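Reviewing the structure listed below.
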Amino acid sequence: MMNCKEASQLMSQELDRKLSWREAITLKLHVSLCDGCANARKQVNFIHQACKHAFELNEEKK
Amino acid sequence: MTIDTSVLNALRPDMTRFAYLLLRDQHAVEDVIQETMLTAIEKQDGFKNKSSLKTWLFSILRNKTIDALRRGKREVNISTLSNDEDDSFEEVLFNHHGAWNLETKPNAWSNPDASFEQKQFWSVFDACLNHLPAQTSRIFMMREFLEFEVEDICKELSLTTSNCWVILHRARTKLRLCLDTKWFSGQGFQASRS
């Protein structure tokens, strides 16, 4: 059974590489049962999105 | 078409922010901005309005910043990394079963995307990025802002892939905690909403 520590490592790695099928399913299962990890994953993805927006937004404002 | 230098100057603050996050050295930043401006003026015929001026300028800036990073030959030294970083952060976050500790279990952030529209958020975001240890920040920025593949970062800095993954994970965790404290559960978010 995957624990939160391992899950949090994989949710970072999924932004950097394609997870194996097994890793992806195990992560999905864990996150569906654990709200701490579900929140952590949303936060990490939010940061990823924020980096994409960081230098675009100001342009829209101009 | 001719580019108005005042338009270039208007983009300077954003360019400076970008370069500083990567180089963290005011002199290096100024050099890079100057080179970017010169290249932009020199190559303005290449700018055909297909992309926005800012996108075009940032693509030049990106290349100049990569050159500056390479010129600096600031190789990441693994021993520096482990000194400048504490590996204990996971022990604080998780108990010995690898489950979240009660105090560190992540909470839901309410309507986070709305933050993108708030100027205040971006200064908190920059502060959190600048608060990361230099080497960690550099690797994170190469990945997220310069959009290097992890393999290329490793090659460039002579790190192993798993080293890179660990550092990126650490960077994201620290940013997560920083934004949580300084924005989502702190005063910043409340104040800027009202």
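Highest mean first, what order results for B:9-17, A:7-15 on Cβ atoms within 10 Å? List each step's numbers first, then the result.
Numbers: B:9-17: 16.2, A:7-15: 20.6.
The densest-packed peptide leads the list: A:7-15, B:9-17.
What does the structure give for A:36-49 when I average, per residue, the other chain Cβ atoms found within 10 Å of the residue Cβ? Intermediate values should be presented prior to the final figure.
Numbers: counts 9, 4, 2, 8, 9, 1, 5, 13, 6, 2, 9, 13, 3, 3.
Neighbouring Cβ atoms belonging to other protein chains average 6 per residue here.
Can you give me the C-alpha center-to-center distance between chain A and the range B:99-138, rounded to a whole angstrom?
With chain A and the range B:99-138 each reduced to a Cα centre, they are spaced 14 Å.
How crowded by other chains is B:93-104, given as the mean number of beta carbons from other chains within 10 Å of each beta carbon? All intermediate terms of the calculation are to be shown ahead of the outcome.
Details: counts 5, 5, 3, 0, 3, 8, 7, 11, 2, 1, 0, 3.
Rounded to a whole number, the mean comes out at 4.
Looking only at other chains, what is the average number of their beta-carbon atoms within 10 angstrom of each beta-carbon in B:53-65?
Values: counts 1, 5, 3, 0, 0, 3, 0, 0, 1, 0, 0, 0, 0.
Per-residue shielding by partner chains comes out at 1.
List the Cys residues of the protein assembly as shown that have no partner Cys with a C-beta closer than 4.7 Å.
Here A:4, A:51, B:154, B:164 come out as lacking a disulfide-compatible partner, given the Cβ-Cβ threshold of under 4.7 Å.
When Lys and Arg each count +1 and Asp and Glu each count -1, what net charge do the other residues less than 14 Å away from residue B:30, Cβ to Cβ, add up to?
Working: positive: B:12, B:17, B:24, B:64; negative: B:25, B:31, B:35.
In short, +1.
Read the figures in this text as sums done on the coordinates, not as results from a lab. Note that this is a predicted model, so its numbers are computed, not measured. All Cβ positions, even for glycine, are placed from backbone atoms using ideal geometry, and neighbour counts span all protein chains on display.
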